[in-house]
Amino acid sequence: MELFSLFISAIFINNIILNKFLGMCPFMGVSRKTSSALGMGGAVTFVIFFSSLITWGLFEYVLEPLSLQYMDLITFILIIASFVQLVEMIIKKYSPSLYKALGIYLPLITTNCAVLFVALENIKQGFTFVESVVYSLAVPIGFTLVLIIFSAIRERLDIADVPKPLKGNPVAMIVAAIMALAFSGLAGLV
């Protein structure tokens, strides 16, 4: 039950974008089309999940036993950058259209603070391996869910009659604020 609570909480209640305001660059940049949002969500899910598990193992079995905990940030960044490069090469080879649609935002996953946050949060919270697996899967699922919902809304906003001063990013930020309010209403869920 505790793992289920962690899973639901990370997706809906403590959503990385709407509650922590991390990962806003791809949230605003790639959310114009649902297909791009889905591709970015998949890439971020892969990077967060696998890099978090490797960083957890590295910390637990190498850095901590050798009293090198102060090296966590630099080693985590190197692991995340490696995974982003791997994802970029795979997408470029197998889906050139998605690679082109994601553009500069694909390599920017390396600097996406949400990815590093999950790796560090697994350590800070003292999660076991199973808890890390659940958390490292739930966070990017929540990221992807919000990205897809937001992109669907933005696609409709592009054809809607929005006042000229609010067109583009201003109305998108208003919608993001309303989404954050809606998701915060789920706080009593778990």
**Q.** Checklist (1) at pLDDT 90 or above; (2) under 19 Å from the mean Cα position of the chain (by Cα) applied to G39, failing item
**A.** (1)
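To keep it simple, each residue is scored yes or no on (1) closer than 23 Å to F27 by Cβ; (2) in contact with a Pro (Cβ under 7 Å, 6 or more places away or on another chain); (3) surrounded by 18 or more Cβ atoms within 10 Å (Cβ to Cβ).
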site	(1), (2), (3)
Q69	no, no, no
V84	yes, yes, yes
P96	no, no, no
C113	yes, no, no
F117	yes, no, yes
F129	no, no, no
Q: Any chance you could count how many residues in the stretch 8-33 are in contact with a Leu (Cβ under 9 Å, 6 or more places away or on another chain) and surrounded by fewer than 19 Cβ atoms within 10 Å (Cβ to Cβ)?
A: 3
Q: Tell me which of these L186 doesn't satisfy, since it passes every other one: (1) surrounded by 14 or more Cβ atoms within 10 Å (Cβ to Cβ); (2) at pLDDT 90 or above.
A: (2)
Q.
I need every pair where a residue in the stretch 96-121 that is farther than 22 Å from L137 by Cβ and without any contact (Cβ under 8 Å) to a residue 60 or more places away in the chain has its Cβ under 8 Å from the Cβ of a residue that is buried (at least 18 other Cβ atoms within 10 Å of the Cβ) and of a type in the set (V, I, T), sequence separation at least 6 or different chains.
A. Y99/I91; P107/V84
Q: Among the helices (runs of 4 or more DSSP H) lying completely within the stretch 93-182, list those that include at least 1 residues that are at pLDDT 90 or above and closer than 30 Å to F59 by Cα.
A: 113-124, 129-159
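The values are calculated or read from the model by the stated rules, or taken from the named source; none is laboratory data. Since we're looking at a predicted model, the values are computed, not measured. Virtual Cβ from ideal backbone geometry, glycine too; neighbours counted across all protein chains shown.
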